[in-house]
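The values are calculated or read from the model by the stated rules, or taken from the named source; none is laboratory data. Computed from a prediction, not measured in an experiment: that's the story for all the values here. All Cβ positions, glycine included, derive from the backbone under ideal geometry; neighbour counts span all protein chains shown.
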Amino acid sequence: MPKIPSPLWLLAEVTHSCPLQCPYCSNPLQLVPKKDELDTEGWLKVLHQARKLGAAQLGFSGGEPLVRKDLEVLIAEARKLGYYSNLITSGVGMDAARVENFRELGLDHIQVSFQADDATLNDYLAGTNAFQHKLDMARAVKASGYPMVLCFVIHRQNTDRVAQMLDLAAELQADYVELATTQFEGWALANRDHLLPTLEQVREAERVAHQYQEKYKGKMKIFYVVPDYYENRPKACVAGWGRVFIAVAPDGLVLPCHSARSLPDLELHNVRDRDLDWIWYESKAFNYFRGEDWMKEPCRSCDEREKDFGGCHCQAFKLTGDAKNADPTCAKSPHHHLIEQAIDTSRLNPNSSKPLLFRKRQINANLS
Amino acid sequence: MSQVDFKAVLSLARGYRFQWEESQNNHVLLYPEGMVQLSDTAAAVLSLCNGQRTVEAIVAELEEDYETDGLSEDVISFLEEAQEQGWIQYA
C-alpha cells in the first residue's frame, strides 16, 4: 500500500439550512436539523485539526453558510491558521457591509451562485426572490477587491440559456465563471427526470461555452464541464477517495466525499468522537476505496483505473446497489444501460408528470 | 507577448496568495479553489511580486541573491508565463 497523502482540501458544510429551495441541491434528502449542528467550538476544532493534517484550501459551504451567525469567527480563525478560504454562497444573508467585514477578517474568495440569468427563472428555481440581491452581491464582492467568481448550475430547464448567462457574467465583469452541470445526487437525483439535459442540449451548451471562451480570452475565465452522463468515462470523484479531500457535515460527521453519508458499511466517524488525524489515516471509511484491492471488474483490469479510480462510488451505489461496482456512467460498466435509459427518458419525456420536488428550507426537526 | 516593461511594478493577481506550506515542504500559490506547487526558482521570483518592486528591481535582487548576473532573460520568460497563467498583474 503506497503512503497515504495528506489532505489538501477541507469542505466545511457548516449547515444544511438554506433560504433557497433549489431542486438540484446536492445535500442529502435527510437534512441535518439545526439542533444537531456542531457549535462554534466544534468547528474551530475541525479547522485546527485539518490544518495540522495539511489542508490548505478551505471551503465554507452548506446549505447556505451565511445562515451561521459565527461564520465571522470561523473566517478569522481560518486566516490565522493559514488557510485559503472560499465562501460558496447564494449571496442571500449578506450585504455589502458583511462582505467588507469578511474581507477585513481575511476571507480569500467568495463564489456567488446563480440559478439563471433572469429573475423569473432564477427565482422560480430558487423558490424565493433572490435574483436582484444576487446581482447586487456579485457587484459588492468585486467592489471589495475580490475576484468575481460566479457559478451557474445548469440543467435541462436552463441550459439553453448559457449564452445569456455568459452575457450577464460579462456585463458584471466576472473574472471566473463556472458552468456547473447538476450532479445527480441528493435532491437532484430525485428530480432527475426534470433536470437531466438532452444530448443536443449538452452539445449546444458546450459549443456556446467554447465560443465565449475564445471571445473573452484573457478577460474572463469560463469553465464548462460536460456532465458525466454524457462522457462515457466517469469523473475521478473528489480526485480519488481519501487522497485530497475531507468533508465535514453540519453534525460533525467526517466524509470522504460530501455524499458518502448514503453509503453502507463505511463506518463513518464523527469529529466529536475521534480526531481528524485518526479518521483520515486509520478509519475504515477513509481506507475503504483507497488503493485497488476493493476493485471489481471491469475496473480491476482497466488501464484507466489510475485516472478515474472507478468513478463516483455514491453514483455506483445509488444506481446499481453496490458501491464497488464501476460508476455506471462508464461505457465499460455492465450497468451503463441505466444511464442510457435515463438519457432516453429525458429525451422522450421532456415534461415529466412527476412534480418537481423543491428542497426544504429550514430544518428544525427530523423529516419523516 | 514579450512586452515586459522593466519599470512596471508587479504584484500577484487578485485573489492569489503565495505562502510556504510546511506539510508539503514547498512554496505554493493559492487561488480560488486551487493551488500550484512552485519550484524553488518560481517561488523566488513570485516572492518578490508584492506590489513594491519593479521588474528591474526583481531581476537585480535575484542576481544579488544568487550571486550571478544575466538572469534577466530567464526572469522575463517566467514572468511572461506567469502572466499568461493569470498569476501576476502589473500594479
> Does A:G252 satisfy being among the small types (G, A, S), surrounded by fewer than 22 Cβ atoms within 10 Å (Cβ to Cβ) and free of Cβ contacts under 8 Å to residues at least 12 places away in the same chain?
Replying inline: no
>> Go through (1) away from chain B (no Cβ under 12 Å); (2) among the aliphatic types (A, V, I, L, M); (3) closer than 25 Å to A:D275 by Cα for A:A116 and report which single condition fails.
In response: (3)
> Within region A:183-232, which residues are closer than 25 Å to A:T320 by Cα, part of a helix (DSSP H, G or I) and touching a strand residue (DSSP E or B) at 6+ places or on another chain (Cβ under 6 Å)?
Replying inline: none
> Only one of A:D95, A:D108 is over 26 Å from A:T182 (Cβ atoms), acidic (D, E) and within 14 Å of chain B (Cβ to nearest Cβ); which?
Replying inline: A:D108
> Looking only at residues in region A:267-309 that are of a type in the set (G, A, S) and assigned to a loop (DSSP other than H, G, I, E, B), which one is farthest from A:E13 (Cα to Cα)?
Replying inline: A:S301
>> Given the condition without any contact (Cβ under 8 Å) to a residue 24 or more places away in the chain and either surrounded by fewer than 24 Cβ atoms within 10 Å (Cβ to Cβ) or part of a strand (DSSP E or B) (or both), answer yes or no: does some residue in region A:40-49 qualify?
In response: yes
>> Looking only at region A:245-264, filter to residues that are of a type outside the set (S, T, Y) and at pLDDT below 95; which one of those is farthest from the chain's Cα centre (by Cα)?
In response: A:P264
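Yes or no, residue by residue, for (1) of a type in the set (D, E, K, R); (2) within 18 Å of A:L357 (Cβ to Cβ):
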| residue | (1), (2) |
| --- | --- |
| A:Y176 | no, no |
| A:R192 | yes, yes |
| A:E200 | yes, no |
| A:R203 | yes, no |
| A:K215 | yes, no |
| A:I222 | no, no |
> If you go through region A:311-323 one residue at a time, do you hit one that is more than 23 Å from the chain's Cα centre (by Cα), in a helix (DSSP H, G or I) and among the β-branched types (V, I, T)?
Replying inline: no
> A:E292 passes all but one of (1) under 18 Å from A:V248 (Cα atoms); (2) at pLDDT below 95; (3) not small (G, A, S); which number fails?
Replying inline: (1)
> Limited to region A:12-39, what total is found for residues that are surrounded by 23 or more Cβ atoms within 10 Å (Cβ to Cβ) and not in a loop (DSSP other than H, G, I, E, B)?
Replying inline: 2
> What number of residues in region A:208-221 are within 23 Å of the chain's Cα centre (by Cα) and within 13 Å of chain B (Cβ to nearest Cβ)?
Replying inline: 2
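Yes/no matrix, rows are residues, columns are (1) within 14 Å of chain A (Cβ to nearest Cβ); (2) surrounded by fewer than 17 Cβ atoms within 10 Å (Cβ to Cβ):
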residue	(1), (2)
B:H27	yes, no
B:L38	yes, no
B:A42	no, no
B:C49	no, no
B:I58	no, no
B:E64	no, yes
B:G70	no, yes
B:D74	no, yes
B:G86	yes, no
>> For A:D344, only one of the following conditions fails: (1) in contact with a Lys or Arg (Cβ under 7 Å, 6 or more places away or on another chain); (2) part of a helix (DSSP H, G or I). What is its number?
In response: (1)
>> Against the condition more than 14 Å from chain B (Cβ to nearest Cβ) and among the hydrophobic types (A, V, I, L, M, F, W, C), how does A:L81 come out, does it pass?
In response: no
> Does at least one position in region A:57-70 carry a residue that is among the polar types (S, T, N, Q), part of a loop (DSSP other than H, G, I, E, B) and either closer than 30 Å to A:D293 by Cα or more than 13 Å from chain B (Cβ to nearest Cβ) (or both)?
Replying inline: no
> Condition test on A:L255, is it of a type in the set (A, V, I, L, M) and within 20 Å of A:C299 (Cβ to Cβ)?
Replying inline: no
> Counting only residues that are touching a Gly at 6+ places or on another chain (Cβ under 7 Å) and either modelled with pLDDT of 95 or more or part of a helix (DSSP H, G or I) (or both), which one in region B:12-23 is farthest from the other protein chains (Cβ to nearest Cβ)?
Replying inline: B:Q19
>> Can you say whether A:D175 is closer than 24 Å to A:E304 by Cα and either within 14 Å of another protein chain (Cβ to nearest Cβ) or buried (at least 20 other Cβ atoms within 10 Å of the Cβ) (or both), as far as the supplied structure shows?
In response: no
